[in-house]
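Below is one structure, written out as structure tokens; comments come after it.
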Amino acid sequence: MIALQKQSVRKTKAAQSNVAMMHKISLRQRKHAQTKIALAREAMERLRTDRLDDISVKELCETIPISEVTFYNYFPQKTDLLAYIMMLWELEMIWSVQQQEGNKSNLELIGCFFEAAARAFEEYPLVMNEALAFFLQQRGEVCWGEMSVAEKLIAYPDLAGIEHVQLPKNPKEDKMNSQYIEMAIQTGELPDTIDVEEVAGMLDMILVGGLMALRERKSLSIGSMYRKMLKMLWQGLRSGTMDEFENASVRSTISL
């Protein structure tokens, strides 16, 4: 309870600080950000039960309310809205992991990333399925646009310092976990013989594989599965053999 009270105090202070910061931003910028975030939130709620193709832009606009012309000024294509939702999700993920820096090892920080991902996948499985399909169709050629300070503050008013979090321009090339893999090598958590890009690719496989498994088996504890797969990956890298990890990956694929 004490910990929860402290967390509540921190959130209150963060909210107060963010409100003060918002007053320094022009009204036009604030309104622009508020509309964009409102569209993203409404779309996320609809994506709990509906596919993106089945969501009507007209109905979204009536809920806010704005005109369809205004919608397309924000999002030229409906899939741009999906990409924006993923940007907001990654923004919170990066912030969440950064809060643990200094308290956890680099490999534990990667674990924090997967824990946050598991929570998002379990809460919004259809959103993530739509995002996965979209990124596969784009063959990974997706670049994030700029996100203003106003958008960050309105999306996450209780997260102190959220305005300082920088999103990668290219989520395919600028992998968040790569920096922690590199630091894990420097601190001796992982051997210096490993290839950072290769390991980052393995982490992507675990991330996407977990989402696919959750889609097939709704009762699956994706968080538990991620922890097991990460444990096997780190053990395999330290021992110089990936047999245990590869065998587990094969079993997971077959079970799907």
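Annotations for the structure displayed:
- Computed from phi, the 3J(HN,Hα) profile of the range 45-60 under the Karplus parametrisation 6.51, -1.76, 1.60 (θ = phi - 60°) reads 5, 5, 6, 5, 10, 10, 7, 4, 4, 8, 8, 7, 4, 4, 5, 4 Hz, with x in place of Gly and Pro.
- Local electrostatic count at Met86 - Lys and Arg +1, Asp and Glu -1, tallied over other residues with Cβ under 12 Å: -4
- Couplings 3J(HN,Hα) for the range 198-212, derived from phi with the Karplus relation 6.51 cos²θ - 1.76 cosθ + 1.60 (θ = phi - 60°), are 5, 5, 4, x, 5, 5, 4, 4, 5, 4, 5, x, x, 5, 5 Hz, where x marks Gly and Pro.
- Net lengthening on full extension, Arg215/Thr70 (0.36 nm per residue, minus Cα-Cα): 48.8 nm
- Taking the fewest neighbouring Cβ atoms within 10 Å as the starting point, the ordered list for Phe134, Phe114, Phe121 is Phe134, Phe121, Phe114.
- Residues Met183, Met93, Met229, ranked from the fewest to the most other C-beta atoms within 10 Å, line up as Met183, Met93, Met229.
- Between Phe134 and Met21, the FRET efficiency estimated from the beta carbon spacing at R0 = 45 angstrom works out to 0.90.
- With contacts taken as Cα pairs under 8 Å at a separation of at least 6 residues, the range 71-159 carries a relative contact order of 33 percent.
- Shape of the range 179-244 from the C-alpha gyration tensor: prolate (a/c of 1.5 or more and a/b above b/c, with a ≥ b ≥ c the square roots of its eigenvalues).
- The order of Tyr180, Tyr74, going from fewest to most other C-beta atoms within 10 Å of their C-beta, is Tyr74, Tyr180.
- Long pairs among Lys58/Lys152; Lys175/Lys231; Lys36/Lys175; Lys104/Lys228; Lys24/Lys104, criterion Cα-Cα beyond 28 Å: Lys24/Lys104
- On full extension, the segment bounded by Ser105 and Arg28 gains 23.5 nm, given 0.36 nm per residue less the C-alpha separation.
Bear in mind these aren't lab numbers, they're just calculated from the coordinates by the rules spelled out. Since the structure is predicted, the reported quantities are computational estimates derived from the model, not experimental observations. Heads up, the Cβs are rebuilt from the backbone with ideal geometry, glycines too, and the neighbour counts pull from every protein chain shown.
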